[in-house]
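A.B. asks: The structure that follows is given in the form of structure tokens.
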Amino acid sequence: MAAGGVRTDLWCAAFVRRHNDLGNMCVVARRGDPIAGQVFIEIDHLDGTASLFTPAPTISRGDSVDMIFQRRFSHVEPGLVRDRIAREADFDPDLWVLSLDLRGDDPGIELARDPL
């Protein structure tokens, strides 16, 4: 289950709808397990760079049951993001990928805190 026991497919649908309602193009680029698949969020910054958010390691989440992410890549060449997603998809067939066009840096997700 994703955030707070919410199914992954429902969490992804809400994320996509929220961004599309805000005027940001967002699509499900890859569907995974509807109940408990991991979610990667790839961002096209519309300036030739891309970022990637992946699920945060369990230790970074503390006691939270919400879906928490970490920034894996920030404003890099898009091929790096595509390659990382392809490697993960080969390993995890249940993976979801959400593709978002966003000029800014805030996709509106909770990010893990850096360990002290």
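A.B. asks: So what is the 222 nm mean residue ellipticity for the chain from helices alone, if each DSSP H run of at least 4 adds -39500 (n - 2.57) and you divide by all residues, rounding to the nearest 500 deg cm²/dmol? Before the final figure, lay out each step's value.
C.D. replies: Working: 3 runs with 32 residues, N = 116.
Computed ellipticity for the chain at 222 nm equals -8500 deg cm²/dmol.
A.B. asks: Show me the three semi-axes of the equivalent ellipsoid for the chain, from the C-alpha gyration tensor (sqrt of 5 times each eigenvalue), largest first, rounded to whole Å. Before the final figure, lay out each step's value.
C.D. replies: Details: eigenvalues 79, 54, 47 Å².
Here the semi-axes work out to 20, 16, 15 Å.
A.B. asks: Between LEU80 and VAL28, what length in nm is gained on full extension when 0.36 nm per residue of separation is reduced by their alpha carbon distance? Don't skip to the end; give the middle numbers.
C.D. replies: Values: separation 52, 0.36 × 52 = 18.72 nm, distance 1.93 nm.
My answer for the length gained is 16.8 nm.
Quick note: the coordinates plus some simple rules give every number you see, no bench work behind them. Here the structure is a predicted model, which means the values were calculated and not measured.
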